[in-house]
Amino acid sequence: MQSPDIRRVVMSRRGFLLRITALCAVIAVPMARWIRQTEDTRVVQALRGRYYPGPVRPLDQESVSRPGKWAG
Amino acid sequence: MIIRCDLCPKRCMIEPGQSGECRIRVNLDGRLVAVTYGHPCTVHVDPIEKKPFFHFLPGTTSLSLATVGCNLHCKNCQNWEISQQNPEEVPASPLSPAEIPKLAAAHGCRSVSYTYTDPVVYYEYTADSSLCVREAGLKNALVTAGYINREPWTELCRKVDAVRIDLKALTDKFYQDICGATLQPVLDSLITTRSLGVHIEVINLLIPTLNDSDREIRALCQWIVQNLGREIPLHFSRFFPNYQMKNLPPTPASALIRAREIARSAGLYYVYLGNILVPDGENTFCPECGDLLIERRAFEVLKNTIENGRCPRCNRQIYGVWL
Ligand code: SF4
Ligand SMILES: [Zn+2]
């Protein structure tokens, strides 16, 4: 039986490095873009909202004077 | 544009038009907006003992408010109808920070408590209101799980007078499984609060089989003694089946009494039992001479002999903010 040509099976050093570089680029480029995007938009303090998104009612003074039903 | 909220350790990445996990910090056109600002969903005059604060202006009332939303999702939450809801579903009332001290004074309150849900998530409203309240000569109290990043927490602590932190357990597993959070940031908040000299009281809800073993209770008490000090008041509270945790029974009185023994033997001076009536469960004794200083029953102060923050019998200073 004839043994396979070892040069076809084993990757050359150059080929290996090229593949690794390509793989890194595929992962790193979008990641760097994502990191840069989020770096710019880190926020601790939010803007004070002006409009409440739910139903708004005037404060019920009668219920304010009574202890709340909630814990705490 | 995606925004990352750095207020709490969740560090939510928020897409445009979406909110963070707490439901009330929303990415509107690339800007983070606190949508419940100036709109509490509940406002009440409570005894300060209900928070519970036992060493902070005892016998007074506190204007207590909350907006919807929370950054934790505890399976046993007693206030889930406001903490785990979207603002779109819960009615709220306009109340600006400047109006809060006026409302508090009109009702004879000595303080304002940011409570019921978690003031961490309505951070800007709490911070602005605290400044107005302080300017008016009243005090500010936070009732929180303390799940917040160090920098904003430090800033908030400088504006308030008292913090009641919920230390739910001393294991990360409990925080992850039951609350969707982690332990370390809570411990960091406790240490930061103490280092800033803000009055602290700690509460621990004892839930059968989840955090009530002697070993866990002892570890929790020892942590408080070593990191905060023996004088920090610790409240053990009784669990009742609720929300997504209806499969467990209420905490037996014997478990609470045993927890108090463990806490006292760990060296804590002021240990209280809440949500249950047991002998001396809510009373304050002098750690030096053993005199009964404050007698309470169900949020009511029946007797208070503390004078200028000291025991009238042996003159020992008692930890707290007194009238
Ligand atoms: S405060 Fe709310 S939006 Fe901000 S990180 Fe925490 S859960 Fe997310
Ligand atoms: Zn004494």
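Numbers at a glance
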quantity	calculated
Enumeration of residues in the range B:24-36 that are facing another protein chain (nearest Cβ under 7 Å) and either buried (at least 24 other Cβ atoms within 10 Å of the Cβ) or hydrophobic (A, V, I, L, M, F, W, C) (or both)	B:R25, B:L32, B:V33, B:A34, B:V35, B:T36
Those residues of the range B:132-190 which are among the polar types (S, T, N, Q), surrounded by fewer than 24 Cβ atoms within 10 Å (Cβ to Cβ), under 13 Å from B:C8 (Cα atoms) and touching a residue at least 40 places away in the same chain (Cβ under 8 Å), in sequence order	B:N149, B:T154, B:T182
Checking B:G17 against (1) surrounded by fewer than 20 Cβ atoms within 10 Å (Cβ to Cβ); (2) among the small types (G, A, S); (3) in contact (Cβ under 8 Å) with a residue 24 or more places away in the chain, the condition it does not meet	(3)
Residues of the range B:98-127 satisfying the condition of being within 16 Å of ligand 1 (Cβ to nearest atom) and either modelled with pLDDT under 95 or of a type outside the set (A, V, I, L, M) (or both)	B:Y114, B:T117, B:D118, B:P119, B:Y122, B:Y123, B:E124, B:Y125, B:T126
Identity of the residue in the range B:67-78, surrounded by fewer than 24 Cβ atoms within 10 Å (Cβ to Cβ) and more than 11 Å from chain A (Cβ to nearest Cβ), that ends up farthest from B:S93 (Cα to Cα)	B:K75
Cβ pairs under 7 Å, 6+ apart, first in the range B:47-66 and more than 9 Å from chain A (Cβ to nearest Cβ) and within 17 Å of B:V202 (Cβ to Cβ), second in a loop (DSSP other than H, G, I, E, B) and among the aliphatic types (A, V, I, L, M)	B:I48/B:L57
Answer residue from the range B:87-112, given it is over 21 Å from B:R25 (Cβ atoms) and in contact with a Lys or Arg (Cβ under 7 Å, 6 or more places away or on another chain) and is nearest to the other protein chains (Cβ to nearest Cβ) among those	B:S111
Out of B:R260, B:R238, sole residue that is free of Cβ contacts under 8 Å to residues at least 40 places away in the same chain, among the charged types (D, E, K, R) and under 25 Å from B:D46 (Cα atoms)	B:R238
Failed item in (1) surrounded by 11 or more Cβ atoms within 10 Å (Cβ to Cβ); (2) modelled with pLDDT of 95 or more, with A:W34 passing the rest	(2)
Pick from the range B:184-203, criterion in a loop (DSSP other than H, G, I, E, B) and in contact with a helix residue (DSSP H, G or I) (Cβ under 6 Å, 6 or more places away or on another chain), ranking: farthest from B:I217 (Cα to Cα)	B:L196
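The values are calculated or read from the model by the stated rules, or taken from the named source; none is laboratory data. Computed from a predicted model, the values in this text were never measured in an experiment. Neighbour counts run over all protein chains shown; Cβ positions are idealised from the backbone, glycine included.
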